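If you scroll down you'll find the structure; I have some questions about it.
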Amino acid sequence: MCSDRQDRRKRADTAEARSTARSLEGVELRNEQEEALRSLLERDTLVMLAPAAGKTLIYEVAGELLSGPTLVVSPTLSLQRDQVATLREAGLSATAVNSTISDGSRRRAFRQLRDGTLQFLLVAPEQLAKNAVLTELHPAGISLIVVDEAHCVSEWGHDFRPDYLALSGAAEELGGPRMLALTATASEPVRQEIIDGLGMREPLVVARAVDLPSLHLSVRVLHEEARKWELLTQEVVESQGSGIVYVITRKHAEEFAQSLADAGVEAAVYHGSMRRAERDAVQDAFFRGEVRVVVATSAFGMGIDKPDVRFVLHADAPPSVDSYYQQVSRAGRDGEPARGVFFHRPQDLALPTLFASGGRITSDRLAEVLRLLRSEGASSRSELAQRIGVSARKLARALDALIRVGAVTELARNRPAASGDRRSAEELAEAAEESIRRWQALQRSRVDMVRRYAETTGCRRRTLLELLGDMRNEACQRCDNCDRGHPGDRPTETLRPGDRVRHPEWGDGVVQTAEGDSVVVLFEHDVYRTLSIPVVRERGLLTGR
């Protein structure tokens, strides 16, 4: 009987969700949207859908069905602006609280949230680190927290956006509302980092194909630095439509944007060191078509949803296949043919590898951080960094490691505090140092997977998607290797993507991709390993589990 009641309730919930989607946007819910909504009405949910696959509709409908206002954590001002416009076009009341609004507008937004006349409030993660914001939010009875672009918790949270680490604490202070995490793509280790970093409670993961069929993928392998930039310039000049060129440093962005301008291309530069007003001006000009090409670092990221981008070129190696796909999938979102070209110079992988190493943090320094928190109580990150004499970036990595081993808890308002763990500071510091070593090994193995993608002789799309957890049996016929008639053969072994295996040294793992004489396995502790199939067969290294 209980099961019958649950089935009836689920059917009723689904019918109501379908009706709400039709009234808001005039569309029918797709299967994956229905699945996410059924889950979200009962539990935390992580949703991974391809760009332009309707992630926003999920929280529009959920916000209507749940009994309380919805808080949307959105990482950039431009993205907040677009999301507010989308919600209002659907007839929903929405606004954003950020650094650009007046004090009066801020007070009005919180008042409307409390009295029930505002349904959706958008904030940046930094806002939730502020005491005043949490104090205003608490009496509003938030029913749903939406973390958009949730891969930032993994890819950016550790180094560049430490406030993401406080989101789980902020959620607790707001009474533990339901949580929805949204991203376009995330490999298995990134999904787990999202779940752990946000403190999600036994979430359902809804993951659907992330492929963009309109996007053609190719790699140009070069060895001379000057030749790379020469061919890259030629590629841009000869290309039609608007595009993005991704580089890894501010210097490369400025120099190549100037080279394109000298070649007669309407180009602009974009990087994180520019003033916000300058960055907003570049983005607006790109969307209006006044700038044909933007040469950018990874700072040109969330909120870049221009549907008619015809090409995305990578002049430098990205730090991971997750980052690469997030960036290259900004092309062809209108369904029309588009290109993603990676200009791969093997020597260029040295820089992401260097970034992945991140500098050494000793156990002595980790113990010093912990002892200070134990003796003086919770402290702001800026105060800690100043007192210990380390950079904010290095402190963020140290605190992240201490949080992971249970030595420190991240309170809301961006204030770390010692936990109740009674082990010695030295013992916990050693465990945290080991955690950092594992993290660095993962980052280096992610760089290795970029090399795997760039140097594969088989179907490039299949390799990329399988590394992202989207298993494929057939070659795509929409990449340079398939164009040349070299889709790559699956190994004759029984190893297939998705198979669970065990290695005598590295433990349990999951096959990510297998082609020719090699196989990539993601092992426990989230480290990728590329293994020779003949060696695996000869030594009996991988067994099923």
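Since every read-out is calculated from the coordinates, none of them should be taken as a lab result. Small disclaimer: the values here were computed from a predicted structure and weren't measured. Every residue, glycine as well, gets a Cβ built from its backbone with ideal geometry; the counts of neighbours run over all protein chains shown.
Relative contact order for the stretch 389-473: what is it in percent, counting Cα pairs under 8 Å that are at least 6 residues apart? Working shown, then result.
Details: 49 pairs, mean separation 16.0, N = 85.
Value for the stretch 389-473: 19 percent.
For His344, list long-range residues whose amide hydrogen, built 1.01 Å from N in the peptide plane, is under 5 Å from its own amide hydrogen.
The answer is Arg220, Val221, Leu222.
What does the highest-first list of 14-27, 323-336 look like by mean Cβ count within 10 Å? Let's see the in-between values first.
Working: 14-27: 15.5, 323-336: 21.6.
Descending mean neighbour count gives 323-336, 14-27.
Take Ile388, Ile304, Ile58 and order them by how many other Cβ atoms sit within 10 Å, fewest up front. All intermediate terms of the calculation are to be shown ahead of the outcome.
Working: Ile388 14, Ile304 21, Ile58 28.
Going from least to most buried by this count: Ile388, Ile304, Ile58.
At a threshold of 8 angstrom on Cα-Cα distance, excluding pairs fewer than six apart, so keeping six or more, what relative contact order does the chain reach in percent? The partial results should precede the final answer.
Numbers: 994 pairs, mean separation 67.3, N = 545.
In percent, rounded to a whole number, it is 12.
Which helices, taking whole DSSP H runs in the chain, have alpha carbons extending 30 angstrom or more along the helix axis plus mean Kyte-Doolittle at least -1.0? List each step's numbers first, then the result.
Values: long enough: 2-25 (34 Å, -1.76); 425-455 (45 Å, -0.94).
Span-like helices in the chain: 425-455.
Considering Cα pairs under 8 angstrom that are at least six residues apart, work out the relative contact order of the stretch 244-347 and quote it in whole percent. Show your work: numbers first, answer last.
Numbers: 170 pairs, mean separation 31.2, N = 104.
Relative contact order of the stretch 244-347: 30 percent.
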